[in-house]
Amino acid sequence: MTRYLVMLFVVAFNVCGHVFLKAGMNQIGAIAPGALLTNFARIFTNLSVLFGLFCYVSSVGGYMVLLSKIDISVAYPVVTSLAYGAIVLVSFFIFKEPFSLIKWFGLGLILGGVLLVGAK
């Protein structure tokens, strides 16, 4: 039971990291690939960006705990697939990004794969 709670924690904090980084960068606006350093103060004083980074660090910490409990051949595909599926849904519902029928189909295949990989 503990491993599933840790897995849920890792996925939730990974997704929150993505969501808050995206929200922060939406507030900041587009930057050029080489402009990270010139925009350093603007980016790293944004509360959404900082909370997104906090969530990522928390996710990595939880992932380390998870790896101490289960095989990486299960942990990595399950965590990344569930996070990917959640991000697709969040991008649709929160950020109003386009979501086609083919994306629904792909998401279904990913979640089906998660069930197969996670099965014993």
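Throughout, read-outs are computed from the coordinates displayed, never taken from laboratory work. Since the structure is predicted, the reported quantities are computational estimates derived from the model, not experimental observations. Ideal geometry is used to build each Cβ from the backbone, glycine not excepted, and the neighbour counts take in all protein chains shown.
Around Phe9, under 13 Å between beta carbons, what's the net of Lys plus Arg minus Asp minus Glu among the other residues? Local net charge: +2. Placing +1 at every Lys and Arg Cβ and -1 at every Asp and Glu Cβ, with all other atoms neutral, what dipole size does the chain have around its Cα centre, in debye to the nearest 20? Charge dipole, the chain, about its Cα centre: 80 debye, nearest 20. Within the range 70-104, which residues have the backbone N less than 15 Å from the label spot 7 Å out from Asn26 along Cα→beta-carbon, could you tell me? Zone members listed by number: 87-99. What does a probe at Leu116 reach in the range 47-80, counting residues whose amide N is under 14 Å from the point 7 Å along Cα→Cβ? Under 14 Å, as judged by backbone N against the label point of Leu116, lie 78 of the range 47-80.
When shorter helices are ignored and each DSSP H run of at least 4 residues is given -39500 (n - 2.57), the per-residue value for the chain at 222 nm works out to -26500 deg cm²/dmol.
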